[in-house]
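The values are calculated or read from the model by the stated rules, or taken from the named source; none is laboratory data. For clarity, every value in this text was computed on a predicted model and none was experimentally measured. Note: ideal-geometry Cβ built from the backbone for every residue, glycine included; neighbour counts use all protein chains shown. To get the accessible areas, we keep the full protein, side chains included, count just its heavy atoms, and leave off ligands, DNA and RNA. Shrake-Rupley method; radii C 1.70, N 1.55, O 1.52, S 1.80 Å.
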Amino acid sequence: MFLQNAWRASAFGLYGYLNFTKSGFIKHSSHFREEDMEGRIEGKNCMVTGANSGIGFATAQGLASRGANVYMVCRNKERGEEAMNKIQSETGNQNVYLEVCDLSSVSQIKSFASRFSSRDQPLHVLVNNAGILEHNRVTTTEGLELNYAVNVAGTYVITELMLPLLEKAAPDARVITVSSGGMYTTPLTTDLQYSEDKFNGTTQYARNKRVQVALTEKWAEMYSDKGIGFYSMHPGWTETPGVARSLPGLSKSLSGNLRTMEQGADTILWLALLPKEKLVPGAFYFDRAEAPKHLALAGTSKSHAAIGSIIDSLRSLCSFTSKF
């Protein structure tokens, strides 16, 4: 196990340094098609979680600049309003709205989803961007480990509760979940709340991101007849407030070679704009191309078989059953 973990970490580090940096983006962008990003989405309803800063802000701004009605789901009202006003001012699009919800709380997500769903309007794009990397073991008031609460439970519950509105936008509806290349370092595990005595927030974050990729795969299979596309993606190593706070070592060592927020958001916007027939349901994307979900010899490829039991745990934990 030690040797396999060491191999995963080494392979990930090398693969990441060659591909996930700003220089990697510049190299890959030579194959980008400018016309892919020229589409307008006037009047389409798009929801972005964790939208007040970083990649979420750049995503919300990019959608607003293309004419979308953008709903920014943020935990902090003041920071959310500041971000919303900035996007409205810079894009000229006044159809940008703030929705306050703490995505670490299942009960808050349920309340928000109930309020939002009462408008009975289609939801064309849901971007699950909100995420956290907390290095200390923190337990929410609902008894959930904090990283898991936001990255997995929050992503699961908001997606499931938005399915009826997404179906109203079919066949063009899509769910884009922002994962991380960190998931390459770990297989899927059913130990969702990290029961080991010595807590490692970076490992837990990587496990959470692996769950997101496997969930996306399973959603695409479960709801293949609903006209909803499910995709996960990796934004690359991006210079954001979250990275500076949670991974100061990475931020310092790659100073000047981290991606900009706009570069980090590029593939999210590409997935939102590209015709669905050009996308692969359940796939994992990086720099506008389908990417592998597993690194060679990492021993993670068979682990996705556990996603069924993980979904059962999520349903039980959240006291929630999909309406579909």
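Numbers below:
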read-out	value
Carbon plus sulfur fraction of accessible area for the range 152-226, probe 1.4 Å, in percent	44 percent
For the range 257-304 and the range 130-158, distance of Cα centres in Å	23 Å
Computed helical MRE - 222 nm, the chain, DSSP H runs ≥ 4 contributing -39500 (n - 2.57), nearest 500	-13500 deg cm²/dmol
Hz values of 3J(HN,Hα) by residue in the range 241-250 - Karplus curve (6.51, -1.76, 1.60), Gly and Pro given as x	x, x, 5, 4, 7, 8, 10, x, x, 5
GluC sites (Glu not before Pro) within the range 105-212: DSSP coil, no more than 14 neighbouring Cβ in 10 Å	Glu142, Glu196
Label-point gap, in nm, between Leu18 and Phe199 - each point 7 angstrom along Cα→Cβ	3.7 nm
Radius 13 Å from Cβ of Asn200, net charge of other residues (Lys, Arg +1; Asp, Glu -1)	-2
Listed residues Asn5, Thr49, His234: farthest to the positive end of the dipole of the chain (Cβ charges)	Asn5
Overall form of the range 1-102 per C-alpha gyration tensor (a/c, 1.5; a/b vs b/c)	oblate
The chain - charge dipole about Cα centre, Lys and Arg +1 at Cβ, Asp and Glu -1, debye rounded to 20	320 debye
By accessible area with a 1.4 Å probe, ligands and nucleic acids excluded, highest first: order of Ile26, Ile109	Ile26, Ile109
Calculated FRET value between Lys168 and Ser114, using beta carbons and R₀ = 22 Å, to 0.05	0.85
Trypsin sites (Lys or Arg not before Pro) restricted to DSSP loop in the range 77-167 with at most 14 other C-beta within 10 Å	Arg119
Computed E for Met37/Asp312 - FRET, C-beta separation, R0 41 angstrom, nearest 0.05	0.55
Placed amide H near Val127: partners under 5 Å, 5+ positions off or other chain	Met47, Val48, Thr49, Ile176
Residue-count net charge about Thr49 - beta-carbon cut-off 10 Å; Lys, Arg +1, Asp, Glu -1	0
In Hz, Karplus ³J(HN,Hα) per residue of the range 124-129 (6.51, -1.76, 1.60; θ = phi - 60°; x = Gly, Pro)	7, 9, 10, 10, 7, 9
Three-way shape label, the chain, alpha-carbon gyration tensor, a/c 1.5	rounded
Relative contact order %, the chain, counting alpha carbon pairs below 8 Å whose residues are six or more apart	20 percent
Residues whose placed amide H lies under 5 Å from that of Ala173, excluding near-sequence neighbours	Gly229
Cα-Cα over 28 Å, subset of Lys110/Lys209; Lys168/Lys302; Lys252/Lys302; Lys44/Lys302; Lys218/Lys276	Lys168/Lys302; Lys252/Lys302; Lys44/Lys302
